[in-house]
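Trainee: The structure that follows is given in the form of structure tokens.
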Amino acid sequence: MGALDGVHMELDDCAFPTLAGVVKASSDQLENGFKDCNYVVCVGSVPRKQGMERADLIRVNGPIFTSTGRAIAAAAASDVKVLVVGNPCNTNALIAMNNAPGVPANRFYAMTRLDENRAVSQLALKSGRPVSSVSHLAIWGNHSATQYPDFYQAKIDGKPVTEVIGDENWLKNDFIATVQQRGAAVIKARGASSAASAANAVLDNLKSIHFPTSANKWFSAAVCSDGSYGVEPGLISSFPLTTDGKAWKIVQGIQHNEFAREKINVTVNELREERTAIADLLKS
């Protein structure tokens, strides 16, 4: 019995009340798997192996997402929304989006919600407050070691994080580094990539996409840039977002200081470099 059969068995054994069935589709039958889907979650990708550079990983995974984008366009429901989780998720989402003719660009998301959750957890631990006290934490840019968890905008119990924690040196250095390197730290600790926390972030992300955002709240996800905050249009970059349940909007009016602007420029530049590496996989 194969691994996929085992997954099928486990899904059955969970007795989910909303699970109507499981369809297995081979790589040449992707349209069967995406038929009439309203939500597509692209979880799998080839993991980085020892000695593999990030550019190598991008080239290995790229072709997977060209066929994924085409199959979504051909078979998914007209209101489909696509969340890419498999890394490098921003660029994988860019490839899928550019290979899905007829599917609006604003239907594609790359997951930075796990990064947001990690950042919120670190601020809660440092301040001694529950995670529910932390709000307005935005992740900017790429889901990579260059991402920028924006503590300057974040609040704890409605007060600026810089005021509550009072240690800007820790925030600029230890906090950012911990969030950026958290995935690698998990792999080192458990010998495998994040599992439960990633699955939880997928659920959080889907809920944030599906349900209207509460007043004075936002959530982080990577979407197709419209040029906001100087991020080149067309890049899949993380922003703070709100939604009415149908379409998202990038939160406007955030003022960035020189430190934050520099961090955002670094991560957006990495996205440009990744796009260059897979330019041949993008439709003109």
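Trainee: Are any residues in the range 210-235 more than 20 Å from A119 (Cα to Cα) and among the hydrophobic types (A, V, I, L, M, F, W, C), and if so, which ones?
Mentor: F211, A215, C224, V231, L235
Trainee: Filter the range 114-172 for residues that are part of a helix (DSSP H, G or I) and among the acidic types (D, E) and give the result.
Mentor: Narrowing the range 114-172 to residues part of a helix (DSSP H, G or I): 114-127, 131-133, 161-165, 168-172.
Across the range 114-172, the qualifying residues are D115, E116, E163, E168.
Trainee: What are the residue pairs meeting all of these: first residue in the range 14-36, first residue of a type in the set (V, I, T), second residue open to solvent by less than 100 Å² (accessible area, probe 1.4 Å), Cβ atoms under 9 Å, and 6 or more apart or on different chains?
Mentor: Taking only residues 6 or more apart or on different chains, the pairs are V22/V7; V22/H8; V22/L11; V22/D12; V23/N32; V23/G33.
Trainee: Select from the range 202-224 the residues that are among the small types (G, A, S) and within 14 Å of the chain's Cα centre (by Cα) and write down the one among them that is surrounded by the fewest Cβ atoms within 10 Å (Cβ to Cβ).
Mentor: Applying the first criterion (among the small types (G, A, S)) to the range 202-224 yields 208, 214-215, 220-222.
Narrowing the set further to residues that are within 14 Å of the chain's Cα centre (by Cα) leaves 208, 220-222.
Details: S208: 22, S220: 26, A221: 24, A222: 32.
Only one residue fits best here, namely S208.
Trainee: Being small (G, A, S), open to solvent by 50 Å² or more (accessible area, probe 1.4 Å) and at pLDDT below 95 narrows it down to one of G166, G128, G158, so name that one.
Mentor: Values: G128 fails: at pLDDT below 95; G158 fails: at pLDDT below 95.
So the residue among G166, G128, G158 that is small (G, A, S), open to solvent by 50 Å² or more (accessible area, probe 1.4 Å) and at pLDDT below 95 is G166.
Trainee: Additional query: Between residues in the range 79-90 that are in contact (Cβ under 8 Å) with a residue 12 or more places away in the chain and residues that are aliphatic (A, V, I, L, M) and in a strand (DSSP E or B), which pairs lie under 6 Å by C-beta distance while being six or more apart or on different chains?
Mentor: V82/V40; L83/V41; V84/A110; C89/A110; N90/A110; N90/A222; N90/I236
Trainee: Turning to a different aspect of this structure: Assuming I264 fulfils every condition listed in (1) modelled with pLDDT of 95 or more; (2) surrounded by fewer than 18 Cβ atoms within 10 Å (Cβ to Cβ); (3) in contact with a Gly (Cβ under 7 Å, 6 or more places away or on another chain) apart from one, which condition is it?
Mentor: Unmet condition: (2).
Trainee: From the list Q122, Q181, which residue is within 21 Å of the chain's Cα centre (by Cα), buried (at least 19 other Cβ atoms within 10 Å of the Cβ) and more than 30 Å from V80 (Cβ to Cβ)? Steps first, please.
Mentor: Details: Q181 fails: buried (at least 19 other Cβ atoms within 10 Å of the Cβ).
Criteria check complete, one pass: Q122.
The values are calculated or read from the model by the stated rules, or taken from the named source; none is laboratory data. Please read all numbers here as calculations on a predicted model, not as lab measurements. So basically every Cβ, Gly included, is an ideal-geometry build from the backbone, and we count neighbours across all protein chains shown. Only protein heavy atoms, including side chains, enter the accessible area calculation; ligands, DNA and RNA are left aside. Shrake-Rupley method; radii C 1.70, N 1.55, O 1.52, S 1.80 Å.
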